[in-house]
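The block underneath contains the structure these notes are about, expressed in structure tokens.
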Amino acid sequence: INLVSRHGDFYPWNIILNDGHVAVIDWRFFESSCHPAFDFFSLLSTLNVPKNGKFGFDDDIGHFREMFFEKNEGNSFISELCGDFIRRTRIESGLFTFLLEMTLLEWSTREYLLSGGTGEKDRVWNERFLYLVRNRARVTL
């Protein structure tokens, strides 16, 4: 696969929308060489499944499970986004799932190191990674 640059912390709270313009802030984790799905996965992993037609954001493992492992309205939308991403980047679906695992592992490790092993966020990323590895065959993307 072709490596690309990445923002490294591509989450809704680092994206500012103003009068139809988009600005991305907080570039402290920028890297010039990464797999092309890192920022895409980072953003997807923070989305909640829509409730009453609206998306939200959360770090809860339950929302991660709903997003990637259960059939629902939000999962259908995410599946379409992932399918489009796979077609555009020409990444095979097995590699796509592997890259998701590696992204979650990297986030788990990074959050652990940033918190000195005492933070809640590293636990959430680690739970997501372990859940994905244990349930790989159930991914609905």
Give the number of residues within region 69-101 that are part of a helix (DSSP H, G or I) and in contact with a Phe, Trp or Tyr (Cβ under 9 Å, 6 or more places away or on another chain). 14
With (1) assigned to a helix (DSSP H, G or I); (2) modelled with pLDDT of 85 or more; (3) among the aliphatic types (A, V, I, L, M) as the list, and Leu104 as the residue in question, which single condition is left unmet? (2)
Subset tally (residues that are open to solvent by 30 Å² or more (accessible area, probe 1.4 Å) and assigned to a loop (DSSP other than H, G, I, E, B)) for region 8-34: 9
Would you say Phe30 is within 13 Å of the chain's Cα centre (by Cα), over 19 Å from Glu127 (Cβ atoms) and at pLDDT 60 or above? no
Among the numbered criteria (1) open to solvent by less than 20 Å² (accessible area, probe 1.4 Å); (2) at pLDDT 75 or above, which single criterion is violated by Phe68? (2)
Looking at region 66-80, is at least one residue of a type in the set (A, V, I, L, M) and in contact with a Ser or Thr (Cβ under 7 Å, 6 or more places away or on another chain)? no
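The values are calculated or read from the model by the stated rules, or taken from the named source; none is laboratory data. None of the values given here were measured: they were computed from a predicted structure. All Cβ positions, glycine included, derive from the backbone under ideal geometry; neighbour counts span all protein chains shown. Keep in mind that these areas ignore ligands, DNA and RNA; they rest on the heavy atoms of the full protein, side chains included. Shrake-Rupley method; radii C 1.70, N 1.55, O 1.52, S 1.80 Å.
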